[in-house]
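Novice: Dumping the structure here so I can ask a few things about it.
The values are calculated or read from the model by the stated rules, or taken from the named source; none is laboratory data. All of these numbers come straight from a predicted model, not from anything done at the bench. For neighbour counting, all protein chains shown are included, and Cβ atoms are generated from backbone atoms with ideal geometry for every residue, glycine included. Note: accessible area is taken over every heavy atom of the protein model, side chains too, but ligands, DNA and RNA are not part of it. Shrake-Rupley method; radii C 1.70, N 1.55, O 1.52, S 1.80 Å.
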Amino acid sequence: MKESKRRYLEQELSLGEPMGEVSGFRVRPGMFDLNGAVALQNAISFTVHTHMGTACELLLFHRGEDEPYAVLPFPEEYKIGDVYSMIVYDLDIKDMEYAYRVDGPYQPEKGLLFDKKNILLDPYACAVAGQRIWGEEKVGAYHARVVKSTFDWGDMPQSKKEMSDLIIYELHVRGFTKHHSSKVEHPGTFAGLKEKIPYLKELGVNAVELMPIFEFDETMNAREIDGRKLLDYWGYNSVSFFAPNTSYTSTLEYNQEGNELKELIKTLHDNGIEVILDVVFNHTAEGNEKGPVFCFKGFDNKVYYMLTPDGYYYNFSGCGNTLNCNHPIVRQIILECLRYWTVNYRIDGFRFDLASILGRHEDGTPMNMPPLLSMLAYDPLLRNVKLIAEAWDAGGMYQVGSFPAHKRWAEWNGKYRDTMRGFLKGDAWESRDATRRISGSGDMYGGFSPDYDGDYAGYNSCINFLTCHDGFTMYDLYSYNQKHNELNGWNNTDGADDNRSWNCGAEGDTDNPEVLSLRYRMIRNACATLLCSRGTPMFLAGDEFGNTQFGNNNGYCQDNEISWLDWSLLEKNKELFEFFKFMIAYRHKHLIIRKKLPDAVCGMPPLRSHGTNADIDEVPKDARTIGISFAGYDKEKGKDDIVYISVNTHWEDVSITLPRLKSGAWYLSVNTYGDGEGKYCYPEGKEVRIDAGFVMKPRSVAIFTRREF
């Protein structure tokens, strides 16, 4: 609901006087078309629905207590269709928490789990009570609290940045500043992240993708392995879709939940940084038939989850259950959730975890035209919001390049990750695919032909990445041949085995200067290639200063130094940070890398790819050295913008011939091998002029910029 509407309702109670009494409380029928709990001037409207339930009760609790001080059955006349709604007067929201109980048939074999003993969390709860201090095990049932927001966004306009103009920085709110080396006042919180905004601005990223911040219970699957407590650290088991994780706040926010997060988002926006949320609509924390009943199961198990004919849970998420996303009721709550975060938190985009599940039918089969995906694509309130799909799921559906996009959805380009990881470490057979991935994956997303009118929006559909939370960090990608997840407690059987990594000659930690030199060069190669690829680049927080997870490629349970960023590495690897910073700035300067422009005045073709000889438009199928040139006319700058990137994965020197120019000359902007004195990049005006040929040093990337004499 819009803030303005909520405030109006809070200030103007024009609904008349109470009409009756329930359990000693003055009541009247509520606002049936507004889900959840809405604070009015001297009352609260409670609205909830159940399709198969036969009766519903509202439970009121004093703050922090397990037993309700009042139970209010909804009168039958307070029900329209499947919706119960009741306004209750004279409640103290500062002292009050609430929940529901729903009665109905209990027939598990038919998917019906109604049990009046179950205390149920409001699916539309804007704040979840009872879990405040990170890592403390939850006791008792989930309760909700009523939020009465006073946050003022002012006249802040919605960001209009194009997807292809973003540089996305993926981070975990807690892990970003929890390590003592972060030196923030509020480590591991929204406030701690806010303290690091000057750093983000210096780095040059203009979008942060926050790993799940919806309320989740990190202690749900807590274990102890070798004296170390393991938690659900990542947060991919949602408890509530509308409530921020209050254990990420630095202070208690009773009835003002979300203000610290809103202050973070506003400050990020003030600094030109968009906010993308990693959202999980494919499953919930209720798990399978052995899991708890605290929300959706108790309201309408058969509606909210995909069930087998005998009442068991389909598990396309790999987490025990699968949300029944294309049921009309579930579609509604997902849409309302995204609208809520867009309006009340000014979120700029959403990345959908295991998004292929969003395209499955109630029986789990893939749908040709999933109604949920089209509804989100064409919703007016979400019109300018980025929609990003992780276009696969744990049930074997892989849709990278074929996700139903409606010209609105972008994808995590898993093929970019796999191809470029392989090629950069020396898999020469990946060379032709590598040129396609650097060029924007036009074979999957179109975008090169002016007549292309397919389902995708060209470069705006392609999120390129080499690293993310799920897998090796960039430092570990070049420090380990194998994953090392022993501390996760599963005998190193969890996590991906196909990492396409290379330890550069020594597994893990080493003091060998040659190995270390090669590792940092490989990271520079990866960075330079990613930032010079068409599409939207994304990298994992800490990659820019060599953060390590010590070979663990599945740190979902590691709330410790394995997953926390070690900021002392920023000083140790300052040179690496400066390289990332330069490459980000270079990408911002060159529009031609990000999108197709009008033809270059000098006559150079818009896009070319080749091997060592730029005079031959062909990439050998086993090439170890490839070159890609981008050319176009930048109207804003009033001149041609031409960039050439050469990637040499060979372990020897390779001579290359640069593309011929009709005017101007090539200047060397980046050489990841360096000049022998620690210089890897050259700012504008200080580049080195290069004539027709150039010698690529072993395992290096060179970037050339065309300039007038």
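Novice: Local charge sum around residue 552 (other residues, Cβ-Cβ under 13 Å, Lys/Arg +1, Asp/Glu -1)?
Specialist: -4
Novice: A follow-up question, please. Take every DSSP beta bridge with both residues inside the chain and express the antiparallel ones as a percent of the total, to the nearest 5.
Specialist: In the chain, approximately 75 percent of DSSP beta bridges are antiparallel ones.
Novice: Using θ = phi - 60° and the Karplus curve 6.51 cos²θ - 1.76 cosθ + 1.60, what whole-Hz ³J(HN,Hα) does each residue of region 431-444 get, with Gly and Pro shown as x?
Specialist: 4, 5, 5, 4, 5, 5, 5, 5, 7, x, 6, x, 5, 9
Novice: Just to confirm, what accessible area per residue do you get for the chain at 1.4 Å probe, in whole Å²? Write down the numbers at each step before the final one.
Specialist: Numbers: 26630 Å² over 709 residues.
On a per-residue basis, 38 Å².
Novice: Then there is this: Using a Cα-Cα cut-off of under 22 Å, which lysines could be cross-linked to residue 290, ignoring same-chain neighbours fewer than 8 residues away?
Specialist: 110, 116, 117, 138, 302
Novice: Between residue 622 and residue 581, what is the label-point separation in nm under the 7 Å Cα-to-beta-carbon projection?
Specialist: Between residue 581 and residue 622, the label points sit 4.4 nm apart.
Novice: Okay, next question. Of 569, 692, 99, which is farthest towards the positive pole of the chain's charge dipole, taken about the Cα centre with +1 and -1 on the beta-carbons of Lys, Arg and Asp, Glu respectively?
Specialist: 692
Novice: Further, regarding this structure: Work through the residues other than residue 537 whose Cβ is under 10 Å from its Cβ and net out their charges, Lys, Arg +1 and Asp, Glu -1.
Specialist: Every neighbour counted, the sum reads +3.
Novice: Also, I was wondering about something else. What FRET efficiency would be calculated for the residue pair residue 82, residue 267, taking the C-beta separation as r and a Förster radius of 45 Å, to the nearest 0.05?
Specialist: E between residue 82 and residue 267, to the nearest 0.05, is 0.60.
Novice: While we're looking at this one, here's another question. Within a Cβ distance under 10 Å of residue 681, other residues only, what is the Lys/Arg minus Asp/Glu net charge? Before the final figure, lay out the partial values.
Specialist: Working: positive: 524, 581, 679, 686; negative: 578, 687.
Once positives and negatives cancel, what remains is +2.
Novice: Could you tell me what percent of the accessible area of the chain is made up of carbon and sulfur, with a 1.4 Å probe and every protein chain present? Kindly include the intermediate steps, with their values, before the conclusion.
Specialist: Details: 12980 of 26630 Å².
Answer for the chain is 49 percent, counting heavy atoms of protein chains only.
Novice: Work out, step by step, the length gained on full extension between residue 155 and residue 222: first 0.36 nm times the residue separation, then minus their alpha carbon distance; give nm to one decimal.
Specialist: The residue 155-residue 222 span can extend by a further 19.7 nm.
Novice: Which loop trypsin sites (Lys or Arg not before Pro) in region 218-301, with loop taken from DSSP, have no more than 16 other Cβ atoms within 10 angstrom of their Cβ?
Specialist: Details: sites: 223, 228, 229, 262, 266, 290, 297; in loops: 290.
Here the trypsin sites (Lys or Arg not before Pro) that fit, given the DSSP loop and packing criteria, are 290.
Novice: What are the ³J(HN,Hα) couplings of region 154-165, residue after residue, when phi is run through the Karplus curve with 6.51, -1.76, 1.60 and θ = phi - 60°? Round to Hz, x for glycine and proline.
Specialist: x, 10, 4, x, 6, 5, 10, 4, 6, 4, 5, 8
Novice: Another question, then. If I stretch the segment between residue 510 and residue 384 completely, what's the gain in nm (0.36 nm per residue apart, minus their alpha carbon distance), one decimal?
Specialist: Computed gain between residue 510 and residue 384 is 40.6 nm.
Novice: Which entries in the list 589/697; 201/574; 266/635; 94/262; 178/574 go over 23 Å, if you measure between the two C-alpha atoms of each?
Specialist: Flagged as over cut-off: 589/697; 266/635.
Novice: Here is a further query. Take the cross-link list 79/148; 596/637; 148/196; 595/637 and give me the ones stretching past 18 Å between alpha-carbons.
Specialist: 79/148; 148/196
Novice: I would also like to ask the following. Pulled fully out, how much extra length does the chain show between residue 34 and residue 675, if you take 0.36 nm times their separation in residues and subtract their Cα-Cα distance?
Specialist: Details: separation 641, 0.36 × 641 = 230.76 nm, distance 6.47 nm.
Going from the current span to full extension adds 224.3 nm.
Novice: Under 15 Å from a label point 7 Å along Cα→Cβ of residue 368: give me every residue in region 405-419 with its amide N that close.
Specialist: none
Novice: Hey, another quick one. Given only helices, namely DSSP H runs of n ≥ 4 each adding -39500 (n - 2.57), what is the per-residue ellipticity at 222 nm of the chain, to the nearest 500 deg cm²/dmol?
Specialist: Mean residue ellipticity, 222 nm, calculated: -5500 deg cm²/dmol.
Novice: Given charges of +1 on the Cβ of Lys and Arg and -1 on the Cβ of Asp and Glu, with all other atoms neutral, how large is the dipole of region 213-325 about its Cα centre, in debye to the nearest 20? Before the final figure, lay out each step's value.
Specialist: Values: 8 positive and 17 negative charges, 56 e Å.
With only Lys, Arg, Asp and Glu charged at Cβ, the dipole is about 260 debye.
Novice: Please turn the phi angles of region 93-108 into ³J(HN,Hα) values with the Karplus equation 6.51 cos²θ - 1.76 cosθ + 1.60 (θ = phi - 60°), one per residue in order, whole Hz, x for glycine and proline.
Specialist: Each residue of region 93-108 in turn: 5, 6, 9, 9, 10, 9, 7, 10, 10, 10, 9, x, x, 10, 9, x Hz.
Novice: Given +1 on the Cβ of Lys and Arg, -1 on the Cβ of Asp and Glu, and no further charges, what dipole in debye does the chain carry about its Cα centre, rounded to the nearest 20?
Specialist: Values: 78 positive and 101 negative charges, 434 e Å.
Using only the charged Cβ atoms, the result is roughly 2080 debye.
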